[in-house]
Structure formats: C-alpha cells, structure tokens
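Enquirer: Next up is a structure, given as structure tokens.
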Amino acid sequence: VQFLVDNTIGRIWLEMTGETSLRESCSYLLQSNLAQRKPKDPREITLLDPACGSMHFGLYAFDLFETIYREAWQLEQKNGTSFFERTR
C-alpha cells in the first residue's frame, strides 16, 4: 500500500513542486527519473482505492493528502493564488 501510494500521489506532488516534505516521509518513494509537471490544484489529484472495503489505501493516502493540502496553502500564500493551474 505505502509503495503504491508513495509512488503515485507522492511522486505526482514531488514532480509538481520540486520540493516537498513528502520526500522524507514517504519511505518507499523512488526519487530517480523524476519528471517535471506543471503545478495544478491539488484538489484535482484523485485516488481510486482498489481495496475500498478495508480502506488501507484510503487511510494511508489521507495523511499524504493532508500534507499536500498544507503545502499547497503555503505555496499559494508565498507565490500567489494563481500558482496552481486549474483545469476544471
């Protein structure tokens, strides 16, 4: 569960921001061959929990999303509200 969530949600956020505290907290995050993504609103990052009955993915991802939302708030305060591209 941690490997999959770290290398999807955590990796997406790392590629969009370049630096995040998830780099240290995601112990299974593979940090080689990182692409660079345009920053987009983190509310557009979604998760499909294939084990929705047990919520293993959802529970772990919740902590990552909490960190991402906090960092997004700080980035918008620092760089302005137009920092994240809205696609919807």
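The values are calculated or read from the model by the stated rules, or taken from the named source; none is laboratory data. Quick caveat: nothing in here was measured; it's all calculated off a predicted structure. With ideal geometry, Cβ positions are generated from the backbone for all residues, glycine too; neighbour counts draw on all protein chains shown. SASA here: full protein model, heavy atoms, side chains in, ligands and nucleic acids out. Shrake-Rupley method; radii C 1.70, N 1.55, O 1.52, S 1.80 Å.
Enquirer: For region 18-41, which residues satisfy the criterion of being farther than 16 Å from residue 7 by Cβ and modelled with pLDDT of 90 or more?
Expert: Matches in region 18-41: 21, 36.
Enquirer: Every residue in region 1-16 that is open to solvent by less than 40 Å² (accessible area, probe 1.4 Å) and within 16 Å of residue 38 (Cβ to Cβ), please.
Expert: Correct list: 13, 14, 15, 16.
Enquirer: Moving on to the next point. Counting just the residues of region 47-87 that are of a type in the set (Ser, Thr, Tyr) and modelled with pLDDT under 90, which one comes out least open to solvent (accessible area, probe 1.4 Å)?
Expert: 54
Enquirer: Right, something else. Write out, first by first residue and then by second, each pair whose Cβ atoms fall under 8 Å of each other, whose residues are 6+ apart or on separate chains, and whose first residue, in region 67-79, is in contact (Cβ under 8 Å) with a residue 40 or more places away in the chain while the second is among the aliphatic types (A, V, I, L, M) and outside any helix (DSSP H, G or I).
Expert: 68/45
Enquirer: Out of all the residues in region 37-49, is one or more among the β-branched types (Val, Ile, Thr), without any contact (Cβ under 8 Å) to a residue 60 or more places away in the chain and in contact with a Pro (Cβ under 9 Å, 6 or more places away or on another chain)?
Expert: No, the conditions are met nowhere in region 37-49.
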